[in-house]
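Everything below concerns the one structure shown next.
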Amino acid sequence: MPKRKSWRDKLADNKDLPKVVPITGKMSKRWGAGTVVIPAPREVDAIMRRVPAGKLITINEIRALVARKHGASIGCPITTGIFGWIAAHAAAEAAAEGAARITPYWRTLKSGGELNPKYPGGVSQTKKRLEAEGHRVIVKGKRVVVMDYEDSLCALRV
């Protein structure tokens, strides 16, 4: 049986990406005409790494950045989210092996300022990290969000 890939191996595997393709089929109903960029995993990680302490970014902003970088109408919502998740697990894997500088994945939120329960350590660990950086985390119905997250968004450029 082949050895299972590490999270860092998955992050390093570009799979012939990035790729810009026309928006077709079901996607065109939601996103209209134009093109969609499917980013490389390392592109998503590189953006996440640039978010400084005390600042935040949403996965939708990452999508907009990769779209702008590649001249596409939109960034792929599915792969961008998956690659953010892989970047988070690769960072946790590196930290477990003693790495001091890792991707600060806890600063990347879902839309609406929601914490990502699929990140390493779940919502409780992400909440601790964000509160340690000065953010106020609250429960809003079934969601856990950073209060007034919009005030802490960083303005990254491609």
Report task. Output ³J(HN,Hα) for the range 3-9: one whole-Hz value per residue in order, computed from phi by the Karplus curve 6.51 cos²θ - 1.76 cosθ + 1.60 with θ = phi - 60°, and x for Gly and Pro. Result -> 5, 5, 5, 6, 4, 5, 5
Report task. With runs of 4+ DSSP H residues as the only contributors, calculate the mean residue ellipticity of the chain at 222 nm using -39,500 (n - 2.57) per run, divided by the residue total and rounded to the nearest 500. Result -> -12500 deg cm²/dmol
Query - Charge-dipole axis of the chain as Lys and Arg at +1 and Asp and Glu at -1 on Cβ define it, positive-most pick from 137, 108, 40 - result: 40
Report summary line: If one builds a Gaussian network model of the chain from Cα atoms under 10 Å apart, the most fluctuating residue listed among 24, 35, 80 is 24
Report task. Run the numbers on the chain and let me know its relative contact order in percent, using alpha-carbon pairs under 8 Å that are six or more apart. Result -> 23
Query raised in the report: Could you give the dipole magnitude of the chain about its Cα centre, charging the beta-carbon of Lys and Arg +1 and that of Asp and Glu -1, in debye to the nearest 20?
Result: 340
Query raised in the report: For the pair residue 1 and residue 155, what calculated FRET efficiency results from E = 1/(1 + (r/R0)^6), where r is the Cβ-Cβ distance and R0 = 41 Å, to the nearest 0.05?
Result: 0.30
**Report entry** Under 5 Å, built H, 5+ apart or other chain: amide partners of residue 34
**Finding:** 23
Report summary line: Classified through the alpha carbon gyration tensor (a ≥ b ≥ c as square roots of its eigenvalues; rounded if a/c is under 1.5, else prolate when a/b is larger than b/c, else oblate), the range 1-98 comes out oblate
Requested in this report: Could you check how much of the accessible area of the range 1-145 is carbon and sulfur, as a whole percent, using a 1.4 Å probe?
Outcome: 55
Query raised in the report: How large is the accessible surface per residue of the chain, computed with a 1.4 Å probe and reported in Å² as a whole number?
Result: 57
Report summary line: Under the rule rounded for a/c under 1.5, else prolate if a/b exceeds b/c, else oblate, using alpha carbon gyration tensor axes a ≥ b ≥ c, the range 18-158 is classed as prolate
Report summary line: Residues whose modelled amide H sits under 5 Å from the amide H of residue 58, counting only those 5 or more places away in sequence or on another chain, are 109
Report task. Choose one of 52, 24, 124: the residue whose Cα lies farthest towards the positive end of the charge dipole of the chain (beta-carbon charges +1 Lys, Arg; -1 Asp, Glu; about the Cα centre). Result -> 24
Report task. Write out the trypsin sites (Lys or Arg not before Pro) in the range 117-157 meeting two conditions: DSSP loop, and at most 16 other Cβ atoms within 10 Å of their Cβ. Result -> 118, 136, 142, 157
**Report entry** Ordering of 145-151, 100-106, 57-63 by burial proxy (mean other Cβ atoms within 10 Å per residue, highest first)
**Finding:** 57-63, 100-106, 145-151
Requested in this report: Enumerate the helices in the chain for which the Kyte-Doolittle hydropathy averages -1.0 or more and the C-alpha atoms extend at least 15 Å along the helix's axis, using complete DSSP H runs.
Outcome: 59-70, 77-96
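The values are calculated or read from the model by the stated rules, or taken from the named source; none is laboratory data. Bear in mind that the values here come from a model prediction, so they are computed numbers and not experimental data. Cβ atoms come from the backbone with ideal geometry, glycine included; neighbour counts cover every protein chain shown. The accessibility values were calculated without ligands, DNA or RNA, using every heavy atom of the protein model including side chains. Shrake-Rupley method; radii C 1.70, N 1.55, O 1.52, S 1.80 Å.
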